[in-house]
1. Which whole-number percentage describes the relative contact order of the chain, with Cα contacts under 8 Å and a sequence gap of 6 or more?
2. Select from Gln45, Ile89, Phe59 the residue farthest towards the positive end of the dipole of the chain; place +1 on Cβ of Lys and Arg, -1 on Cβ of Asp and Glu, and compute about the Cα centre.
3. Within 10 Å of each candidate Cβ there may be at most 15 other Cβ atoms; applying that plus a DSSP loop requirement, which chymotrypsin sites (Phe, Trp or Tyr not before Pro) in region 67-117 survive?
4. Would you mind checking Lys29/Lys51; Lys50/Lys109; Lys29/Lys109; Lys22/Lys51; Lys10/Lys78 for any pair whose Cα atoms are more than 22 angstrom apart?
5. On alpha-carbon atoms, Rg over Rh for region 2-116 using Kirkwood Rh?
6. Determine the dipole magnitude for region 2-116: charges of +1 sit on the beta-carbon of Lys and Arg, -1 on that of Asp and Glu, nothing else is charged, the reference point is the Cα centre, and the result goes in debye to the nearest 20.
7. Which residue fluctuates most in the GNM of the chain (Cα springs below 10 Å): Ser93, Ser53, Ser82?
8. Run the numbers for Lys105 and Thr58: contour at 0.36 nm per residue of separation, minus the present Cα-Cα distance, in nm.
Amino acid sequence: MRITIPITPKSLNELNRLHWSKRYKYGKKLEHDVWAYCMKAKQEQGIIWKKFSRVEITFVFDNNRRHDVDNYTGGFKKGLDSLVLSGLIDDDSYQSAKITYEIKKGKPKRTEIVLSG
């Protein structure tokens, strides 16, 4: 199953500079947006009860800057929680899902999630 989300997460560095209330609001918005795209993809692809055990997340940026994958992994925590809320994975722990992250250059800027297993 493939889900394309037209946003990329803020890095942990960006999030740590925010006031706690703005960081909270950002997390809630990211969680809701990713959940909505997951539910739309489930409906379009006819997936109701399937749980996946492998998650590949690719952050695609449209510039030549260096991007630290660990920074964006932490920034996407609420997005990962949305995969659990939408019922696509059981849990975001390493025991129940193998989660990999990657950064690529391309246009438009987006987050691609591929679920399998």
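1. Value for the chain: 46 percent.
2. So the residue we want is Phe59.
3. Here the chymotrypsin sites (Phe, Trp or Tyr not before Pro) that fit, given the DSSP loop and packing criteria, are Tyr94.
4. Lys29/Lys51; Lys50/Lys109; Lys22/Lys51
5. 0.96
6. 400
7. Of Ser93, Ser53, Ser82, the Gaussian network model singles out Ser93 as fluctuating most.
8. 15.9 nm
Bear in mind that the values in this text are calculations on the coordinates, not laboratory data. Just so you know, these numbers come straight off a predicted model, no measurement behind them. Here the Cβ is made from the backbone with ideal geometry for all residues, glycine too, and neighbour counts use every protein chain on show.
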